[in-house]
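Take a look at the structure below.
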Amino acid sequence: MPTLADIVTELESRYDPRWAESWDAVGLVCGDPAAEVRKILFAVDPVAVVAEEALDWGADLVVTHHPLYLRGTTSVAATTSKGRLIQTLIKNDIGLFTAHTNADVADPGVSDALARAVGLTGPLVPLSPAADDPRRGLGRVGSLPEPVSLAEFTRQAARGLPATAGGLRVAGDPDRAVQRIAVSGGSGDSLLGTARAAGVDVFLTADLRHHPASEFMENSGGPALIDAAHWATEWPWLADAAHHLASASAARGITVETRVSETVTDAWNTTAKCEDFT
Ligand SMILES: [Zn+2]
C-alpha cells in the first residue's frame, strides 16, 4: 500500500509546487508522510461538507484545489470553521493536500479540463503562457469543430458544466458566430485584456465584475463573455487529476481508490429573478 509521501510525490510530479504563485499555499497541509493511503477524495473546496464526505467514505487523503490556509495562522483550535475542519481531519487520520495555482498552470491543468468540458476539440494552447515554459500557463485557447451561435455555445457549455444555482451569465450578441474560445478556470478578470489580444470569439471564465466587464463590452470588436460559477469552472479538473493519479499509481503496481466529490460548494446556492419595468 502506498504511503502519503508516495502520493504527494506523484501529485507534485504533475503539479510542481515551484509553479505556484508566490502568494499561494500549496502542498501537504496535514497528514503523516509515513501513513498508508488507500482512498483519496478530490474536491474543489476544503469545507465542512467535504470533510464529512471524506469521513463517511473512509478517505485517507483529501486533495483540494483551494488552500485551507492562505495566510499565516497562529491557531488551529476548533473555535473557527477552519480550525474545526483541520481538527476533524487530523483526529480521523485524513491528510489534506492542495494543488492550486500550480495546477492552474500545469499541462494539462485546470483550464484544459474546463476547455474539454465545454466542448473544445483539437489542440489547446495556454492563453497566457508561462515565461519558463510556453506549453504551460494560465487559461487555454481552443476551437469548436465548426462555428455556432453564441447562444448555442452557451447551451453547450451549460450542458458540459456541473449545475450551480447561478448557471451562466453571458455578455454579447446571442446570434454572433463563435468558434475560437478562450477559457480560464476560477477568477478571470486579470485575463480580459489577454483574451481580447488573442482575438478569440468568446472568453469563458468566472467571477467577472460589473466594471471590468462593462468597459470590456463597450470597446466593441472583442470577444463575448461567459461568466460561470467559480466552483463549476474548476470542478472538471478533479476527474482529470484523480484519473492521472490512479493510472500513474497503477503503472507502478500501486492501487489507489479515487473519488470526485459531487457536492456543490460554490458560495452562491440560490437565485431569484427580479421583475422588469413593464
Ligand atoms: Zn479557484
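Quick note: the coordinates plus some simple rules give every number you see, no bench work behind them. In this text, all values refer to a predicted model and were calculated from it rather than measured experimentally. Glycine also receives a Cβ, built like all others from the backbone with ideal geometry; neighbour counts cover every protein chain displayed.
So if I check each of 115, 78, 103, which one is loosely packed, with under 15 Cβ neighbours inside 10 Å, hydrophobic (A, V, I, L, M, F, W, C) and either in contact with a Lys or Arg (Cβ under 9 Å, 6 or more places away or on another chain) or on the phi > 0 side of the Ramachandran plot (or both)?
Working: 115 fails: loosely packed, with under 15 Cβ neighbours inside 10 Å; 103 fails: loosely packed, with under 15 Cβ neighbours inside 10 Å.
After ruling out the rest, the residue left standing is 78.
To keep it simple, each residue is scored yes or no on (1) more than 16 Å from the ligand (Cβ to nearest atom); (2) part of a strand (DSSP E or B); (3) surrounded by fewer than 19 Cβ atoms within 10 Å (Cβ to Cβ); (4) in contact (Cβ under 8 Å) with a residue 40 or more places away in the chain.
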residue	(1), (2), (3), (4)
195	yes, no, no, yes
208	no, no, no, no
227	no, yes, no, yes
236	no, no, no, yes
240	no, no, no, yes
253	yes, no, yes, no
258	yes, yes, no, yes
271	yes, no, yes, yes
274	yes, no, yes, no
Residues of the range 181-193 that turn out to be surrounded by 14 or more Cβ atoms within 10 Å (Cβ to Cβ) and within 16 Å of the ligand (Cβ to nearest atom), as a count: 8
Residue satisfying all of: in the range 154-180; assigned to a strand (DSSP E or B) and within 11 Å of residue 205 (Cα to Cα); nearest to the ligand (Cβ to nearest atom) among these: 169
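Quick one: which of 220, 247 is over 20 Å from residue 115 (Cα atoms) and either in a loop (DSSP other than H, G, I, E, B) or within 16 Å of the ligand (Cβ to nearest atom) (or both)?
Details: 247 fails: either in a loop (DSSP other than H, G, I, E, B) or within 16 Å of the ligand (Cβ to nearest atom) (or both).
Going through 220, 247 in turn, the sole match is 220.
Looking at 45, 107, which one is closer than 22 Å to residue 139 by Cβ, of a type in the set (D, E, K, R), assigned to a loop (DSSP other than H, G, I, E, B) and more than 16 Å from the ligand (Cβ to nearest atom)? Break it down stepwise before answering.
Details: 45 fails: more than 16 Å from the ligand (Cβ to nearest atom).
Within the list 45, 107, the selection yields 107.
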